[in-house]
Amino acid sequence: MRLQLSAEDQAFREEMREFFTTQVPQDIRDAVINRGELTRDQIVRSQQALNAGGLAVPGWPVEWGGKDWTQLQRHIWHEEMQLAGVMPPLAFNASMVGPVIATFGSQELKERFLPATANLDIWWSQGFSEPDAGSDLAGLRTTAVRDGDEYVVNGQKTWTTLGQYGDWIFTLVRTDPDAPKKQMGISFLLIDMKSEGLTVRPIELIDGGHEVNEVFFDNVRVPAENLVGEENKGWTYAKFLLGNERVGIARVGDSQLHLASAKKKAKEQGVFEQYASRIADIENQLTALELTALRVAAGSSGDKPHPASSVLKIKGSQLTQAVSDLLVDLEGPAAITSRDTRVFLNNRKVSIYGGSNEIQRQIIAGTILGL
Amino acid sequence: MDFTIDSEQKALVKAVRGLITNVYESSEARREVTKTEPGFAAWDKLAEMGVLSLPFEASPVEVSLAAEELGKVIAPDPFVEAIVLAGGLIEALGTDEQKKQYVDAIAGGEVLPILAWLEPGKRWSTQASVTFADGKLNGVKAPVVQAERADLLLVTAALPEGGTGVFLVEGATAVETAVTNDGSRAATVTFGDTPAVQLGEGGDQTAALEVALDRARIAYAHEALGAMETALTTTVGYLKTRKQFGVTLNTFQALNHRAADMYVALELARSTITWATIVAADEDTTPEQLATAASHAALQVSVAGRHIGLDAIQLHGGIGMTAEYSVGHYASRLLAIEHLVGDGEFHRARLAATVGDHDVFDPIG
């Protein structure tokens, strides 16, 4: 047992800290630290600064810009990024579609899409969920029917986060409606969002913001070459995608950063004593979460996710919400017009998306406890 | 950063487990032992195996590994109380002569020392009301775990010149013993001009006392971790086998989700508690860092211990309430550990006192 990081990992941590605090534009970091809403341009510039330093897509294969890092290094990269107020690379690009194309796509697809995806020259949207297929994703109904060299896509996707900014959307579509199991007969298709027949409709959320959308496909014609991998094998790729991004799932750095803001705010308002016990309690839980994330990262072999990832998702989302709750409470009556209240409302999502906490409990009960 | 243990440590775990599960082979066997005096039965065997010498000869890692195994069967033997805490104080403060006199005897199981530091009406303060003057102690200590069985009491007392010292009392004192909630024994010990000798060089020994308590807190946390693990494993086993409405309980999602939450609490507690041991084992750790780590671990024990211990009872239904069944005893021991070295509020307040001194707490900084 050893307390400190190895000298190598410590140096790596310093290097990351140095990069994130000096190479990412200050206005963007300030916006993150102040819990502001980033513009599309800020998100793009932020990722391009990371990509210029070779730090946007460390999880990819090395030939496409990845780093041959250990899980622990990826963990450190992610935590330091959040602590510095740097927005992680756009997940749709960096941890979802990118690894799928790099692993299952043709050479042509790789060359066409991967550099632009890493640099956020193409903004990807995710087209998985449907009105009747959320956690039960395999129930999706959007169809793609082969017609010569094209697929004709019809149906509807929903919860398409930041879809209003999207250039392309990666989708799961049903290519074989007669498949014996609902997980079969699904394909992974890349669609240009400027295609005729594709419309994006905003969904307003309880925080008054607009970050999710519905996407409708009305006889959208998609070149067959945009199919990733084999037809009807989409479920395999989707599982790979969903299991791929475990790093940073706990959002520890983010919560630590905002807890530090809460401390500052409590002091400014002269109520630190009153809140110190609650702050200490949250910090105690965050410490447990961070140490668990380190255990998982240090204990993971290769890319295989540690079975305790669900622990990180559940507790990570609970603590994101706990810090958010604290910040709202510290606003006092000003809360009713405060940005923090919008964030509080918005943060209800973290225990819902990415497999709701109830789904995570099912995973723990089933795969870890054998219930 | 490394949370794993080496092969020698694994061998130690295996040996302690073998010994302790042999003595306490079932919940019923443990119950029989706690019903008869002095309420524990593995002491001589633990001494023979060298477990009682671990705090004197090995690192906090080995101490914690042993404590965790004892916790898994909630062994009633006062390992942390006598060996880690009282023995640790003699090791830290004793004169060469005192160490020579006591340490080997303690490690050999011949002398059982107990620290009497808690007082009636007070919480977990190291400031004593019992006084020491002219070679004599006056006042009351309670609860003092296993005071009646102890061969040597280490008594904290206020010094005439201010501060707290530690004093040794051998032999008979006025002791009134009660059975504790977890099947152990604890006494009210009254000192009336009781002759005592100072431990070590004397003077204000509060700092050493705090360090010894923090080390004990971390060892207790491991004991609690072992207990929490068994409580969860037992509960999961029950959910898989117990039938109601013609099906096993794990058919009911609500119950499985509660078990999943117990697992979440256990794993998070395990991370903090293991880390606290690593902090204690690091030679560069300051007393302040040790105190912080101990409080983080103890707070996890308080919150997770109650969550896991009490839900274990709930998920067992009525059987969980019975003394014939094991899980209730686990909940009871977890509750006792919490109250021996500071409950959740106590440790939350200790952490709150310094939480404004840093922006972000970095456990591996």
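The values are calculated or read from the model by the stated rules, or taken from the named source; none is laboratory data. Please read these numbers as outputs of a predicted model, since none were measured by experiment. Using ideal geometry, Cβ is built from the backbone for each residue, glycine included, and neighbour counts are taken over all protein chains shown. For accessibility, only protein heavy atoms count, side chains too; no ligands or nucleic acids. Shrake-Rupley method; radii C 1.70, N 1.55, O 1.52, S 1.80 Å.
Sorting A:Met184, A:Met81 on solvent-accessible area from highest to lowest, probe radius 1.4 Å, gives A:Met184, A:Met81.
Over chain B, what relative contact order in percent results from Cα pairs under 8 Å that are six or more residues apart? Please report the intermediate quantities before stating the final value.
Numbers: 643 pairs, mean separation 58.9, N = 365.
Value for chain B: 16 percent.
Whole-Hz Karplus values for segment B:55-61 come out as x, 8, 10, 10, 8, x, 5 Hz, taken residue by residue from phi with 6.51 cos²θ - 1.76 cosθ + 1.60 and θ = phi - 60°; glycine and proline positions read x. Under 5 Å between amide hydrogens, built in the peptide plane, is the criterion, and for A:Tyr151 it picks out A:Val222, A:Ala224 among residues at least 5 positions away or on other chains. Between A:Arg141 and B:Asn181, the FRET efficiency estimated from the beta carbon spacing at R0 = 56 angstrom works out to 0.45.
Assuming a ≥ b ≥ c are the square roots of the Cα gyration tensor eigenvalues, decide whether segment A:187-311 counts as rounded (a/c under 1.5), prolate (otherwise, with a/b larger than b/c) or oblate. Oblate.
When a/c is below 1.5 the answer is rounded, else prolate if a/b is larger than b/c, else oblate, so apply that to segment A:1-140 with a ≥ b ≥ c taken from the square roots of the Cα gyration tensor eigenvalues. Prolate, since a/c reaches 1.5 and a/b exceeds b/c. Amide H contacts of B:Arg185: B:Gln146, B:Thr180, each under 5 Å away and 5 or more positions distant or on a separate chain (H built 1.01 Å from N in the peptide plane; Pro and chain starts excluded). Across segment A:141-153, coupling constants 3J(HN,Hα) worked out from phi with the 6.51/-1.76/1.60 Karplus curve, θ = phi - 60°, read 10, 4, 10, 10, 10, 5, 9, x, 8, 10, 9, 10, 9 Hz, and Gly and Pro carry x. Accessible area ranking (1.4 Å probe, heavy atoms, ligands and nucleic acids excluded), largest first, for B:Lys10, A:Lys157: B:Lys10, A:Lys157.
In the context of the full set of protein chains, residues of chain A present 42 Å² of accessible surface per residue (probe radius 1.4 Å, heavy atoms only).
What is the extension gain from B:Ala174 to B:Asp134, computed as 0.36 nm multiplied by their sequence separation minus the C-alpha to C-alpha distance, in nm to one decimal?
On the way: separation 40, 0.36 × 40 = 14.40 nm, distance 1.98 nm.
Residue separation times 0.36 nm, minus the Cα-Cα distance, leaves 12.4 nm.
Run lengths n ≥ 4 of DSSP H only: what is the helix-derived mean residue ellipticity at 222 nm for chain B, with -39500 (n - 2.57) per run over all residues, to the nearest 500?
Numbers: 12 runs with 187 residues, N = 365.
Helices in chain B give a 222 nm mean residue ellipticity of -17000 deg cm²/dmol.
Structural descriptor for segment A:290-371: relative contact order 34 percent, calculated from alpha carbon pairs under 8 angstrom and at least 6 residues apart. Cα convex hull, segment A:229-371: 141 Å³ per residue, rounded to a whole number.
Classify segment B:6-107: rounded, prolate or oblate, from the alpha-carbon gyration tensor (a ≥ b ≥ c, eigenvalue square roots; a/c under 1.5 rounded; otherwise prolate if a/b is larger than b/c)? Before the final figure, lay out each step's value.
Working: a/c = 2.43, a/b = 1.40, b/c = 1.74.
Cα axes put segment B:6-107 in the oblate bin.
Summed over both chains, the contact between B and A buries some 4200 Å² of accessible surface at a probe radius of 1.4 Å. The residues of segment A:1-20 listed by number as losing at least 40 Å² of accessible area in the complex, against the isolated chain and with a 1.4 Å probe, are A:Met1, A:Arg2, A:Leu3, A:Gln4, A:Arg13.
What residues does segment B:1-20 have that are buried by at least 40 Å² of accessible area in the full protein assembly compared to the chain on its own, 1.4 angstrom probe? Correct list: B:Met1, B:Asp2, B:Phe3.
With charges set only on the Cβ (+1 for Lys and Arg, -1 for Asp and Glu), what does the dipole of chain A come to about its Cα centre, in debye to the nearest 20?
Details: 38 positive and 48 negative charges, 180 e Å.
In total the dipole reaches around 860 debye.
Counting only protein heavy atoms and a 1.4 Å probe, segment B:54-147 has 35 square angstrom of accessible area per residue. For chain B, the share of accessible area belonging to carbon and sulfur comes to 51 percent (1.4 Å probe, ligands and nucleic acids excluded). For A:Lys233, the residues 5 or more places off, or on other chains, whose built amide H falls under 5 Å of its own are A:Phe188.
Looking at the calculated P(r) for chain A, what percent of the C-alpha pair distances fall above 27 Å?
Values: 34713 of 68635 pairs.
Pairs farther apart than 27 Å: 51 percent.
Out of segment B:163-259, which GluC sites (Glu not before Pro) are coil in DSSP terms and have no more than 10 other C-beta atoms within 10 Å? Spell out each step's value before the answer.
Values: sites: B:Glu170, B:Glu176, B:Glu201, B:Glu210, B:Glu223, B:Glu229; in loops: B:Glu201.
Here the GluC sites (Glu not before Pro) that fit, given the DSSP loop and packing criteria, are B:Glu201.
Cα centroids of segment B:287-365 and segment B:1-36: 21 Å apart.
Once neighbouring chains are kept in place and the probe is 1.4 Å, which whole percent of the accessible area of chain A is contributed by carbon and sulfur? Intermediate results must be reported in sequence, preceding the final value.
Working: 7840 of 15400 Å².
Percent of accessible area from carbon and sulfur atoms in chain A: 51.
Which links in A:Lys157/A:Lys313; B:Lys45/B:Lys240; B:Lys10/B:Lys100 stretch past 27 Å when you go from one Cα to the other? Too far apart for the 27 Å limit: B:Lys45/B:Lys240; B:Lys10/B:Lys100. Evaluating 6.51 cos²θ - 1.76 cosθ + 1.60 at θ = phi - 60° for every residue in segment A:71-80, the Karplus couplings come out as 4, 5, 5, 5, 4, 4, 3, 5, 5, 5 Hz, glycine and proline recorded as x. Only one residue of B:Leu70, B:Leu335, B:Pro55 has its Cα farthest out toward the positive end of the dipole of chain B, where Lys and Arg carry +1 and Asp and Glu -1 on Cβ, and that residue is B:Leu335. In segment B:272-286, burial by the other protein chains removes 40 Å² or more of 1.4 Å probe accessible surface, compared with the chain on its own, from B:Ile278, B:Asp282.
Computed over the protein assembly as shown, the quotient of the alpha carbon radius of gyration and 2.2 N^0.38 Å is 1.10.
Using a probe radius of 1.4 Å on heavy atoms only, what accessible surface per residue do you get for segment B:235-365? Whole Å² is fine. Kindly include the intermediate steps, with their values, before the conclusion.
Working: 5110 Å² over 131 residues.
That works out to 39 Å² for each residue.
Given the pairs B:Lys35/B:Lys72; A:Lys264/A:Lys315; A:Lys182/A:Lys233; A:Lys263/A:Lys315, which span a C-alpha to C-alpha distance of over 18 angstrom in this model? Correct reply: B:Lys35/B:Lys72; A:Lys264/A:Lys315; A:Lys263/A:Lys315. Summary of the geometry: segment A:182-252 and segment A:314-349, compared by the centres of their Cα atoms, lie 29 Å apart.
Here segment A:26-113 is treated with +1 on each Lys and Arg Cβ and -1 on each Asp and Glu Cβ, and its dipole about the Cα centre works out to around 80 debye.
When the chymotrypsin sites (Phe, Trp or Tyr not before Pro) in segment B:192-289 are filtered for DSSP coil states and for at most 16 other beta-carbon atoms within 10 Å of their beta-carbon, the remaining sites are B:Phe245, B:Phe252.
Running a GNM on chain B with Cα contacts under 10 Å, which residue among B:Arg17, B:Arg270, B:Arg333 ends up with the highest mean-square fluctuation? Checking each option, the largest mean-square fluctuation is seen for B:Arg17.
Using C-alpha pairs under 8 Å with a sequence gap of at least 6, the mean separation divided by the residue count of chain A gives a relative contact order of 15 percent.
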